[in-house]
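This report refers to the structure that appears directly beneath it.
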Amino acid sequence: MPCCTAIHVTTRANMAEVDAMKSLSSLLNGIAQKVYYNNSEITEELLKSELYPEMSPDEFTALHDKMKGLLKSIATADMDHAQLEAFLTAKTKKQGGGGLSAEQAAALSRFWKSQRVRVKESLVAHSRWEPSLRGLSWRVDLQAAASRRGTAHSGPVALVELELGRTGQDSEFVCLEFDETKVNQVLKKMADIQESIDRIVHST
Amino acid sequence: MQLHFTKDVLPDSVGTDFQNLNKLNEQQFHHLIEILFQFLLEPKETERFMQQLTEFAGEHGMSAGPLRNLMKSVLLVPQGALKKNLTGEQIKEDLLTLGTHPSPLCLRHYAALTRLAVGQTLMVNQLVDMEWKFGVTVGTSEIQKLGTVFLQLKLVVRKGNSTENVYMELTLPQFYNFLHEMERAKASMECFS
């Protein structure tokens with residue numbers, strides 16, 4: 001009966017759309033993994049074979065590069081919702097190769113809504129060029145008598161271990177020894193830093 | 001006195017403290033050792049350690065002050081032993097030299113402690129100076145608009161005969177965490193001085 005056939009055809013078409021959306025969402029996630037989340041296991045070949053096995057290599061490369069470029073634009077500008085909608089609408093209105101289909105725009109929009117914070121965090125982390133303080137542990141040791149080195153250490157000594165590391169690299173550990181005088185000096189400097197922070201950051 | 005855990009000359013009070021340990025009965029001794037090793041496993045918990053000692057003193061009709069001083073002497077042994085990687089045998093010898101009976105409980109606890117201590121850095125350096133600067137990153141080549149505060153620290157560290165600069169960059173939360181931990185370390189040192 002014509003009615004049922006029509007519904008059947010529409011359902012099939014919808015399923016194909018859903019599949020296309022899923023593949024595109026997975027492609028966007030894969031690109032993010034590779035470009036922003038340092039996942040070295042994801043390659044362009046892997047993405048093609050998993051998500052678009054039927055597509056010709058040239059066609060896939062074009063799709064991949066287009067999505068990657070769009071993601072980069074969105075991430076660099078750290079677009080909010082309004083900016084993103086304006087950006088995507090402009091792209092869908094464009095004809096030819098630079099344009100986007102409505103489904104592609106929807107996939108990008110959904111992706112950015114869920115991944116914006118994480119992508120931004122990754123970009124911020126990459127802008128830190130010095131090692132960051134990943135961890136800190138300490139203990140206080142007691143000394144029984146003056147140390148033979150001549151520095152009078154006849155009191156408690158704090159041993160502080162700093163864990164330092166750059167993004168993607170292994171940690172380096174630095175262990176420092178502080179007597180009470182030194183700890184007070186460091187705390188005094190930190191109080192100066194705090195004062196500076198309060199003056200500049202909270203007044204803007 | 002020839003001791004493994006330290007090359008320093010111990011004041012007489014330390015010897016007396018170890019003798020006083022012998023005055024405790026077995027149950028009291030075991031309880032005190034448990035308190036001691038709990039602290040050694042979690043060295044930041046100074047307040048808890050002091051609290052437990054005060055409670056112990058109350059329970060057994062002792063004064064808290066002398067007990068704390070006694071524990072400070074007792075702490076020298078495991079702390080020194082860990083730094084020098086002493087064996088159970090060497091600790092046994094030291095405890096005998098100090099005039100106290102080496103209990104199997106102590107040695108078992110110490111063995112557990114050394115297993116945790118393996119892999120800890122033993123190269124300890126002195127902090128000579130600390131310099132800092134901070135600013136706000138407003139943009140980078142990767143992201144156009146940003147507003148993150150970063151603090152750069154340069155620690156001048158003495159390693160042997162030379163100094164070395166150690167650089168690090170902290171976010172504000174990391175700085176406040178660092179400050180908090182240094183304040184805790186200071187509070188802990190005050191408990192012990």
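If you take the residues of region A:96-122 that are basic (Lys, Arg) and farther than 12 Å from A:Tyr36 by Cα, which of them is surrounded by the most Cβ atoms within 10 Å (Cβ to Cβ)?
So the residue we want is A:Arg110.
Pick out the one residue from B:Val156, B:Val166 that is over 30 Å from A:Thr76 (Cβ atoms), in contact with an Asp or Glu (Cβ under 7 Å, 6 or more places away or on another chain) and either loosely packed, with under 12 Cβ neighbours inside 10 Å or not assigned by the TED database to the domain that holds B:Leu70 (or both).
B:Val156
Could you grab me the full set of residues in region A:162-204 that are assigned to a helix (DSSP H, G or I) and of a type in the set (Ser, Thr, Tyr)?
Result: A:Thr181, A:Ser196.
Among the residues of region B:24-46, write down those that are over 17 Å from B:Ala185 (Cβ atoms) and either basic (Lys, Arg) or not in a helix (DSSP H, G or I) (or both).
B:Leu24, B:Asn25
Which residue is nearest to B:Gln126 (Cα to Cα), if the candidates are limited to region B:146-190 and must be of a type in the set (Phe, Trp, Tyr) and over 25 Å from the mean Cα position of the chain (by Cα)?
Residue satisfying both the conditions and the ranking: B:Tyr167.
Could you grab me the full set of residues in region B:117-133 that are at pLDDT below 90 and touching a helix residue (DSSP H, G or I) at 6+ places or on another chain (Cβ under 7 Å)?
B:Ala117
This table checks each residue for (1) touching a residue at least 24 places away in the same chain (Cβ under 8 Å); (2) in a loop (DSSP other than H, G, I, E, B); (3) buried (at least 18 other Cβ atoms within 10 Å of the Cβ).
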site: A:Met21; (1), (2), (3): yes, no, no
site: A:Asn38; (1), (2), (3): yes, yes, no
site: A:Pro53; (1), (2), (3): no, yes, no
site: A:Glu59; (1), (2), (3): no, no, no
site: A:Leu63; (1), (2), (3): yes, no, yes
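Residues are listed down the side, and each one gets a yes or a no for (1) farther than 30 Å from A:Val35 by Cβ; (2) not in a strand (DSSP E or B):
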| residue | (1), (2) |
| --- | --- |
| B:Arg108 | yes, yes |
| B:Asp129 | yes, no |
| B:Gly139 | no, yes |
| B:Val156 | yes, no |
| B:Thr163 | yes, no |
| B:Gln174 | no, yes |
| B:Glu183 | yes, yes |
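Taking the stated definitions as given, is B:Lys72 within 23 Å of A:Ser137 (Cα to Cα), within 14 Å of chain A (Cβ to nearest Cβ), surrounded by fewer than 16 Cβ atoms within 10 Å (Cβ to Cβ) and in contact (Cβ under 8 Å) with a residue 40 or more places away in the chain?
In short, no.
For region B:31-57, enumerate the residues that are exposed (fewer than 14 other Cβ atoms within 10 Å of the Cβ), of a type outside the set (D, E, K, R) and within 13 Å of chain A (Cβ to nearest Cβ).
If the condition is that a residue be exposed (fewer than 14 other Cβ atoms within 10 Å of the Cβ), of a type outside the set (D, E, K, R) and within 13 Å of chain A (Cβ to nearest Cβ), then B:Leu41 is the only one that fits.
Could you list all residues from region A:121-144 that are under 13 Å from B:Ile143 (Cα atoms) and at the interface with chain B (Cβ under 7 Å from one of its Cβ atoms)?
If the condition is that a residue be under 13 Å from B:Ile143 (Cα atoms) and at the interface with chain B (Cβ under 7 Å from one of its Cβ atoms), then A:Leu123, A:Val124, A:His126, A:Ser127, A:Arg128 are the ones that fit.
Find all pairs meeting these conditions: Cβ atoms under 9 angstrom apart; at least six residues apart or on different chains; first residue within region A:176-192 and more than 7 Å from every other protein chain (Cβ to nearest Cβ); second residue exposed (fewer than 14 other Cβ atoms within 10 Å of the Cβ) and of a type in the set (A, V, I, L, M, F, W, C).
A:Asp179/A:Ala152
The values are calculated or read from the model by the stated rules, or taken from the named source; none is laboratory data. Small disclaimer: the values here were computed from a predicted structure and weren't measured. Cβ atoms come from the backbone with ideal geometry, glycine included; neighbour counts cover every protein chain shown.
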